[in-house]
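A quick write-up on the structure given underneath.
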Amino acid sequence: MILVVGHKNPDSDSICSALVAEALLKARGLEAKAIRQGEINRETQFILEKAGMDKPELRTEVAGENIWLVDYSDLAQGPDDIAQAEILGIVDHHRLGDVTTTNPLEAWIWPVGCTSTILFNLFKMENAEITRPIATLMLSAILSDTVGFASPTCTDKDKQAVAELAPLAGVEDLDAFIKNLLIAKTDIEGLTPAELVEKDLKAYPFNDRQVIVGQVELATMDQVADQIDALEADLERRCSEESLAFAALMLTDITTSTTRLLYKGEWSSKIDAHAESGVLIMENTLSRKKQGWPWLQGVLA
Ligand code: MN
Ligand code: MN
């Protein structure tokens, strides 16, 4: 049995690609099962309903198991006991992380917009059948990760995959599908400041210290206008409780590709010079992976 597990704080790609990789392994005649390391978000819920699929089982212990990783290769983003598991496969579209293995593994790491784009090509290579639910999962994951093709992480391979997957998923009006997906993606109604910070939070070990960077994707900045103080207070609390050197939250308006960065912690002074009256606006910034975090690494170094 191979357990397929996406990263902590799972986004739609981590959930969908785990289910898709399970299907790929089963098509190879292997036993496989997707699991998840945390609660699913509203966008993922929307996608699973469209696909008619159940969410993977919540499971955070993998000691003694054979596992595949999807959508990451950093130990910090894996289950806490990942060192006691045997990693047999990685499918990912991020920079290579610090995972190591004792035995040879199968690794598919491509610089594309979504893990599902790689999985789609593996399905094609292996002539494996792509059912309608699986096509829906891959299509949605790609459109989520690339923010409907708008992200600078989006490549021709992602667009090609969507063009081939839309008919397989039975999606006739792609623009309407994208619009509804992005409405679900930016639905933050009723979430507390702590839930907003945690919504898509990633930990980055940096210069022997811990840094966290969250991101909230919005249809308009007005959605968080009256929560700025509370969000900053939550970042501050995490810094002291978790001994972080730096905690930041990217508030990203996906309609204008504008990000406002909230930040706290002892390294904050390194960032202050880039802010105006305490407000740091990053123009043309949609992607944490390709824009937000690389910029921060440069300034925090
Ligand atoms: Mn992800
Ligand atoms: Mn991804």
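The values are calculated or read from the model by the stated rules, or taken from the named source; none is laboratory data. Not measured: the values here are computed from a predicted model. When we count neighbours, we look across all protein chains shown, and the Cβ atoms used for this are built from the backbone with ideal geometry, even at glycine. The protein model used for the area step is the full one, side chains on, heavy atoms only, and it has no ligands, DNA or RNA in it. Shrake-Rupley method; radii C 1.70, N 1.55, O 1.52, S 1.80 Å.
Nothing charged except the Cβ atoms of Lys and Arg (+1) and of Asp and Glu (-1): what's the magnitude of the dipole of the chain about its Cα centre? Round to the nearest 20 debye.
Values: 27 positive and 48 negative charges, 124 e Å.
Computed about the Cα centre, the dipole is about 600 debye.
Along its principal axes, what span do the Cα atoms of region 119-236 show, with the longest given first and each in whole Å?
That gives 51, 37, 23 Å along the principal axes, largest extent first.
By how many nm would the segment from Glu164 to Lys26 grow when fully extended, if each residue of separation counts as 0.36 nm and the alpha-carbon distance is taken off?
Values: separation 138, 0.36 × 138 = 49.68 nm, distance 2.20 nm.
Roughly 47.5 nm would be gained on extension.
Local charge sum around Asp80 (other residues, Cβ-Cβ under 14 Å, Lys/Arg +1, Asp/Glu -1)?
Details: positive: Lys8, Arg59; negative: Glu61, Glu65, Asp74, Asp81.
Result for the neighbourhood of Asp80: -2.
Just the accessible area per residue of region 67-113, please: how many Å² with a 1.4 Å probe?
Details: 2140 Å² over 47 residues.
Computed with neighbouring chains in place, this is 46 Å² per residue.
Stokes-Einstein diffusion coefficient for region 129-170 at 20 °C in a medium of 1.002 mPa s, Rh from the Kirkwood formula over Cα pairs: what value in µm²/s? Could the numbers behind the result be given before it?
Details: Rh = 10.1 Å.
After rounding, the answer is 212 µm²/s.
Amide H of Gln210 versus every other amide H placed in the peptide plane: which residues, excluding those fewer than 5 positions away on the same chain, fall under 5 Å?
Long-range HN contacts for Gln210: Ala245.
Net charge within 14 Å of Pro133 by Cβ-Cβ distance, Lys/Arg positive one each and Asp/Glu negative one each, not counting Pro133 itself?
In short, 0.
7 Å from Cα along Cα→Cβ at both Ile228 and Leu96: what's the point-to-point distance in nm?
Here the answer is 4.3 nm between the modelled labels.
Give me Rg over Rh for region 193-300, both radii from the alpha carbons and Rh done the Kirkwood way, two decimal places.
Numbers: Rg = 12.6 Å, Rh = 13.7 Å.
With Rg and the Kirkwood Rh in hand, the quotient comes to 0.92.
Between region 244-282 and region 191-228, what is the C-alpha centre distance in whole Å?
10 Å
Could you give the angle, 0 to 90 degrees to the nearest 10, between helix 115-125's Cα long axis and the longest principal axis of the Cα atoms of the chain?
In the chain, helix 115-125 runs at an angle near 20 degrees to the longest axis.
Rounded to the nearest 10 degrees, what's the angle between the helix 156-168 long axis and the longest principal axis of the chain, both from Cα atoms, 0 to 90?
That helix lies at roughly 50 degrees to the long axis.
Between Gln297 and Ser269, what is the label-point separation in nm under the 7 Å Cα-to-beta-carbon projection?
Taking the simple label geometry, Ser269 and Gln297 are separated by 2.5 nm.
Take Ala150, project a point 7 Å from its Cα along the Cβ direction, then tell me which residues of region 255-292 have their backbone nitrogen under 18 Å from it.
Of the residues in region 255-292, 255-261, 281-292 have backbone N under 18 Å from the label point off Ala150.
So what is Rg over Rh here for the chain, counting just Cα atoms and using Kirkwood for Rh? Please list the in-between numbers first.
Numbers: Rg = 18.9 Å, Rh = 19.6 Å.
My calculation of the ratio gives 0.96.
How high is the relative contact order of the chain, in percent, counting Cα pairs under 8 Å that sit 6 or more residues apart? Each step should come with its number before you reach the end.
Numbers: 595 pairs, mean separation 39.3, N = 301.
The normalised contact order for the chain reaches 13 percent.
Roll a 1.4 angstrom probe over the protein heavy atoms and tell me the percent of accessible area of region 1-106 that is carbon or sulfur. Write down the numbers at each step before the final one.
Numbers: 2120 of 4490 Å².
Its accessible area is 47 percent carbon and sulfur atoms.
Roll a 1.4 Å probe over the protein chains and send me the accessible area per residue for region 193-300 in Å². Mind showing how you got there, number by number?
Numbers: 4820 Å² over 108 residues.
Per-residue accessible area for region 193-300 comes out at 45 Å².
Subtract the Cα-Cα distance of Asn103 and Met125 from 0.36 nm times their separation in residues, and report this length gain in nm to one decimal.
Values: separation 22, 0.36 × 22 = 7.92 nm, distance 2.43 nm.
Here the segment from Asn103 to Met125 would lengthen by 5.5 nm.
How large, in percent, is the carbon and sulfur part of the accessible surface of region 193-300 at a probe radius of 1.4 Å?
Carbon and sulfur atoms account for 46 percent of the accessible area of region 193-300.
Which entries of Lys26/Lys159; Lys8/Lys185; Lys159/Lys290; Lys55/Lys290; Lys26/Lys289 show an alpha-carbon separation above 20 angstrom in the structure shown?
Values: Lys26/Lys159 26 Å; Lys8/Lys185 18 Å; Lys159/Lys290 18 Å; Lys55/Lys290 28 Å; Lys26/Lys289 31 Å.
Long pairs (Cα-Cα over 20 Å): Lys26/Lys159; Lys55/Lys290; Lys26/Lys289.
Using only protein heavy atoms and a 1.4 Å probe, report how much of Lys124 is accessible, in Å² to the nearest 10.
Its heavy atoms expose roughly 90 Å² to the probe.
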